[in-house]
Amino acid sequence: MSGAFAVVIALGAKGTTTALIMLLIALLANGLLQNVVQPFAMGSALDLNPLVVLVISIGAGCIFGMLGLVLAAPLTSAAVHIVRELARARAAARLETDGVAEAGEATTTPAY
């Protein structure tokens, strides 16, 4: 919306050529920010790959609209972190139970 507003102001103030230049600048700036800068910034902040941020944002935006665009990357990051923590806890529990089982077997084995 801000780009369209800038184009209309440029059209009224300086004419068609300036409005077309402003349109080009608005499209390039918006495209550069949304498709390059935003995925890298959000990816580093949320510990996600920038390509994942871009794809998730586009998909969620198509399905859920503005709410999907806003919430897609943080919810994906939360899901990834939860899965990582659960896997880490499961591995720690498995190591703990394996250690207990090995210790229990050693004490129940009769000495000959």
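The values are calculated or read from the model by the stated rules, or taken from the named source; none is laboratory data. In this text the structure is predicted, and so the values were computed from the model without any measurement. In this analysis, Cβ positions are derived from the backbone assuming ideal geometry, glycine residues included, and neighbour counts consider all displayed protein chains. Remember, those area values only see protein heavy atoms, side chains included, never the ligands or the DNA or RNA. Shrake-Rupley method; radii C 1.70, N 1.55, O 1.52, S 1.80 Å.
Per-structure values
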{"item": "Meets criteria (farther than 23 Å from LEU32 by Cβ, open to solvent by less than 80 Å² (accessible area, probe 1.4 Å) and either more than 12 Å from the chain's Cα centre (by Cα) or among the β-branched types (Val, Ile, Thr) (or both)) for ALA79", "result": "no"}
{"item": "Close pairs (8 angstrom Cβ cut-off, 6 or more residues apart or separate chains): within 16 Å of LEU51 (Cα to Cα) in segment 65-79, outside any helix (DSSP H, G or I) and open to solvent by less than 90 Å² (accessible area, probe 1.4 Å) anywhere", "result": "ALA73/LEU48; THR76/LEU48; SER77/ASP47; SER77/LEU48"}
